[in-house]
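Just so it is clear, none of the values below were taken in a lab; they were calculated from the coordinates. The structure presented is a predicted model; accordingly, all values stated were derived computationally and were not measured. Backbone-built Cβ (ideal geometry, glycine too); neighbour counts: all protein chains shown.
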Amino acid sequence: MRILVGVKRVVDYAVKVRVKPDKSGVVTEGVQHSMNPFDEIALEEAVKLKEKKLATEVVAFSLGGPKSAEILRTALAKGADKAVHVQVSEAEAAKVEPLHVAQALQKLLEKDKFDLVFVGKQAIDDDASQTAPLLAGLLDWPQALYASKVEEGGAGFLKVTREIDGGLDTVKVKLPAVLSADLRLNEPRYATLPNIMKAKKKPLQNIPIKDLGVEIKSQTSILEVSEPPQREAGGFVEDVPALVNKLKEKGFVKN
Amino acid sequence: MFQRSRSKPGDIKKWKATKSGQTNRAKTAAVSCFFLRHWHPTSSDNDDGMAAAATTSRSTKALRPHHILYDERHLAVQQTLRKIIDDKINPQVRDWERDGIFPAHQVFKTLGRVGIFAANKPQKYGGLGKDFSLSIAVAEELGSIACGSVPMSLLVQSDMATPALAEYGSDELRETFLRPSISGDVVACIAVSEPHAGSDVSAIRTTARRSGGDLILNGTKMWITNGEQADWACVLANSVDNSDIHHNKSLICVPLHSEGVHRSRRLEKLGMRCSDTVQLFFDDVRVPVKNIIGREGYGFLQQMKQFNDERLVTVAVALAPLQKCISDTLNYARDRRIFGSTLLDQQYIQYGLAELQIELEATRSLLYRTVLARLDGEDVSLLTAMAKLKVGRLARKVTDRCLQVWGGAGYLDESHIARCFRDLRVFSIGAGSDEVMLSIVHKHMRRC
């Protein structure tokens, strides 16, 4: 089984994002970036499948500007065997939508055979959660999204557990398939110093997006990005009756 | 070995394309600090296609200069370390400081698995076989640990107790002591100072007398970091009967679970509170003669060389906490209102912080220059002494001035600034005191 894992370069989760003065988006210049944490989980699971001999090769994929190469190096340091960088310009990178990523993946999969595409359930920047289902739709492959457990499911199948409201949903999915990783699937490993050194020597292939015939044409337009409204300071009341009175006054409680 | 990017013609060209008039080295040093956390280097290598990625963005800000000392692997190492420190170390520091101890074996194992003790150690014994720049990158990032004790303890293992063993030790000795130290399975300590001989290393009194195939150690060692938890010590002792005090000592690997080794109670200190510092006593401790590192009688000279590494990582590990002191103080002063304006509106505060930032940047540059010289095979004892003196003095100045800005809030025991104030004070004392550094500098001046 060959696995293609999608890894996206996003603003680091620890960064407090700021909205640009012109409200066109958030400030990304001079801000720490790292691999989307859900993609890290997908990658970890793929590497584990390889360690269990269920997979033969793990290839990391990223679509993005020049700096996405760093994220792919990280993926290589964390156990991917190869990496593919579908390159777009910095200007295009700001306009990339899930559909473009799904289309690029579709084109790659036409050229190179994979049995499984594994991505994070969402990226922490746009929270779109669309790449996996869009890709499954384009390819007409089965999908198993929000995986919290991935097991062997017999020849040509995987057994995938998903956390749903009120319990667990177990899906038997036929390969080739598209999977997305949920938070509790695993705890990703840290890249070790020896593996960081080795990553430098692993192959990283660059493919300009135009070679795949995918055009970064916006499906949506951003009207405005604004800071969440400031929460107003609360007040203190003496006791419960005073609280109830206050709530009635404000019209939160009916008489 | 690392290919240092500064020596590649391609880089210079790229660099000249952005700005001209100054050398690559001088300019990168000037900007390295402020963007250290934020900038991402472009690749200098053509062998793996990353250069293509970098060149496609010629019009963008991706063309920032290379780091004077680090390539993208150093930075990737720092990023992974930062993550581990944030996840596994820093959340526990407050408890460890309160308890006056941290679980060295557990922490060493966690970080040893990642490879932090391996940087410039031989591959044959589990090391990475890289050059000293990687050790410096690791030390610098260990400075993001929220106290002085834990990074000091880790650096004792990587760059204070093991360099001589790695360079001069026999295969058997390295297999027994170096390999498990690199993997983090054991904890090491360095035992040179004595109650009567700290700065004056040649005056140590501990002896190692031959008895058949064994050495019998007697004496006492003071200020032993990791001493309570350590499994073995790299001990400097008088092993040769002659009056040449520079050629009668040997560095010896001593298992601390041996009979006759006694450890004092944990010493209580001004700072470095979760570090276990003890006094060691050797009372007829028997170790095989083959535990001598390298040539017998050359221990003093080996130790002097080992001190250089110790001092350089000491400078490196101090940079991050000092930067944090300055940055945190700037932010505090910006928010703190007084007499109708903010503290940061006061020119006195503005200039004070600017002065500290300049000095820190100069110290960082001196460190990088020293490491580059060391990588070029130069004798760096003079530059090392200068950098070590500077960082010790600067640590006192930065923490004192910043604490003053914080006022009462900084005087609180649990504030970060107070912890830095008490922990970093040791940098003027440990790894060779300020006065030893001054005397080294003076000796070099007289020679010229």
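Contact order normalised by length for chain B, with contacts defined as Cα pairs under 8 Å and 6 or more residues apart; what percent is it? With pairs under 8 Å counted, the relative contact order is 14 percent. Listed by chain and number, the aspartates and glutamates whose alpha-carbon sits under 18 Å from that of residue B:83, ignoring those within fewer than 8 places in the same chain, are A:12, A:39, A:40, A:44, A:70, A:187, B:72, B:140, B:141. Counting only residues at least eight positions apart within a chain, or on another chain, the lysines with an alpha carbon under 17 Å from that of residue B:290 are B:249. Cross-link pairs exceeding 32 Å in C-alpha to C-alpha distance, out of A:23/B:397; A:111/A:172; B:109/B:305; A:121/B:88; A:201/B:121, comprise A:23/B:397. Rounded to the nearest 500, the helix-only mean residue ellipticity at 222 nm of chain A stands at -8500 deg cm²/dmol, with each DSSP H run of n ≥ 4 adding -39,500 (n - 2.57). Springs join every pair of Cα atoms under 10 Å in this Gaussian network model of chain B, and among B:270, B:372, B:251 the largest mean-square fluctuation is at B:270. So the label point goes 7 Å from the Cα of residue A:126 along Cα→C-beta, right? Which residues of the stretch A:10-40 then have their backbone N under 14 Å from it? Residues passing the 14 Å test: A:10-11, A:25-26. Label sites at residue A:18 and residue B:409, each approximated as a point 7 angstrom past Cα along Cα to Cβ, lie 1.9 nm apart. Computed on chain A, with alpha-carbon pairs under 8 angstrom and 6+ residues apart, the relative contact order is 23 percent.
Peptide A:58-69 is shielded by partner chain Cβ atoms: per residue, an average of 3 of them sit within 10 Å of its Cβ. For residue A:60, the residues whose modelled amide H falls within less than 5 Å of its own, excluding neighbours fewer than 5 places apart on the same chain, are A:5, A:81, A:82, A:83, A:84. Only helical DSSP H runs with n ≥ 4 go in: add -39500 (n - 2.57) per run for chain B, normalise by residue count and round the 222 nm mean residue ellipticity to 500 deg cm²/dmol. Here the helix-only value at 222 nm equals -14500 deg cm²/dmol. The ranking of B:240, B:107, B:313 from fewest to most other beta carbons within 10 Å of each one's beta carbon is B:240, B:107, B:313.
Using the Kirkwood radius built from alpha carbon pairs, what does the Stokes-Einstein equation give as D for the protein assembly as shown at 4 °C and 1.567 mPa s, in µm² per second? Estimated via Stokes-Einstein, D reaches 46 µm²/s. Ranked for footprinting exposure by Cβ neighbours inside 10 Å, fewest first, B:423, A:182 give A:182, B:423.
In the Gaussian network model of chain B, springs joining C-alpha atoms below 10 Å, which of B:242, B:291, B:120 carries the largest mean-square fluctuation? Per the Cα network of chain B with a 10 Å cutoff, B:242 tops the list. Taking a Cβ cut-off of under 10 Å around residue A:119, the surrounding Lys, Arg, Asp and Glu residues balance to a net charge of +1, with basic ones at +1 and acidic ones at -1. Across A:156, A:235, A:120, mean-square fluctuation computed from a Gaussian network of chain A (C-alpha pairs under 10 Å connected) peaks at A:235. Listed from fewest to most Cβ neighbours within 10 Å, the set B:448, B:274 follows the order B:448, B:274.
Where a ≥ b ≥ c are the square roots of the eigenvalues of the C-alpha gyration tensor, would you call the stretch B:216-319 rounded, which needs a/c under 1.5, or, failing that, prolate if a/b is larger than b/c, or oblate? Oblate, because a/c is 1.5 or more while a/b does not exceed b/c. Ignoring lysines fewer than eight residues from residue B:390 along the same chain, the ones with Cα atoms less than 19 angstrom from its Cα are B:324, B:443.
On a full-extension model of 0.36 nm per residue, what is the gain between residue B:379 and residue B:447, subtracting their alpha-carbon distance, rounded to one decimal in nm?
Stretched out fully, the residue B:379 to residue B:447 stretch lengthens by 23.1 nm.
Relative to the first principal axis of the alpha-carbon coordinates of chain A, what is the inclination of helix A:68-77, with its axis defined by its Cα atoms, in degrees from 0 to 90 and to the nearest 10? That works out to roughly 70 degrees. Relative contact order, whole percent, for the stretch A:107-247 stands at 21, derived from Cα pairs under 8 Å and 6 or more residues apart.
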